[in-house]
Amino acid sequence: MIEYFRRLFRYDAWANAEVIASLQSVDPAPVRSLKFLAHIFSAERLWLERLLGQKQTLPVWPDFTLAQCKLEADQLADLWSNYLSRLTEAGLGETASYQNSKGESSRSTRQDILLHVTMHSAYHRGQIAADMRAAGFIPAYTDFIYAARQGLIK
């Protein structure tokens, strides 16, 4: 099961990089798309900080430039890879305690958090794709099955 999550996060890093590349190819990048992308990275960092028992360092909806998003994407890919390389099968079922965005105490299993992070990011990448289409641009193609078929994620 741990290898499944490692693969999901490799997909997530690939898909995020594809979105960044698509936004770099248009000028200007749609403001709403950039806002969603910044939120993806903020949320991914927030959940990692929760798993590590650390304090939240970014607002949930930060104002990042595309260059800042690229920096966050690179850092987060490495941070998640490091975290997942140390996580064990038994650790997936362990419960993490944290404060949610409303300040309420909450608990979730690590595997539920990991699945949430990847699904949350995919959801917002879909919003970015719709926003780019509405602005007249062609969005990145980030379907998981495409990445798997093409051997882009191992």
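Every number here is computed from the coordinates shown, using simple stated rules; none is lab data. Every value quoted in this text rests on a predicted model; they were computed, and no experiment measured them. Counting neighbours? That spans all protein chains shown, and the Cβs are built from the backbone with ideal geometry, glycine included.
Against the conditions (1) touching a helix residue (DSSP H, G or I) at 6+ places or on another chain (Cβ under 9 Å); (2) of a type outside the set (K, R); (3) closer than 28 Å to F137 by Cα; (4) exposed (fewer than 15 other Cβ atoms within 10 Å of the Cβ), E94 satisfies every one except (3). When the helices (runs of 4 or more DSSP H) confined to region 35-154 are screened for residues that are more than 15 Å from L8 (Cβ to Cβ) and of a type in the set (G, A, S), those reaching at least 3 such residues are found at 110-134.
Among the residues making up region 125-146, a single one is under 24 Å from P59 (Cβ atoms), surrounded by fewer than 18 Cβ atoms within 10 Å (Cβ to Cβ) and touching a Phe, Trp or Tyr at 6+ places or on another chain (Cβ under 7 Å): Q127.
Let's see how each residue does on (1) touching a Leu at 6+ places or on another chain (Cβ under 8 Å); (2) among the basic types (K, R); (3) buried (at least 19 other Cβ atoms within 10 Å of the Cβ); (4) within 19 Å of M119 (Cβ to Cβ):
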position	(1), (2), (3), (4)
R32	no, yes, no, no
H39	no, no, yes, yes
Q56	yes, no, no, no
P59	no, no, no, no
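Inside region 132-154, residues that are of a type in the set (D, E, K, R) and touching a residue at least 12 places away in the same chain (Cβ under 8 Å) make up a count of 1. The one condition from (1) surrounded by 11 or more Cβ atoms within 10 Å (Cβ to Cβ); (2) of a type outside the set (V, I, T); (3) under 18 Å from the mean Cα position of the chain (by Cα) that S85 does not meet is (1).
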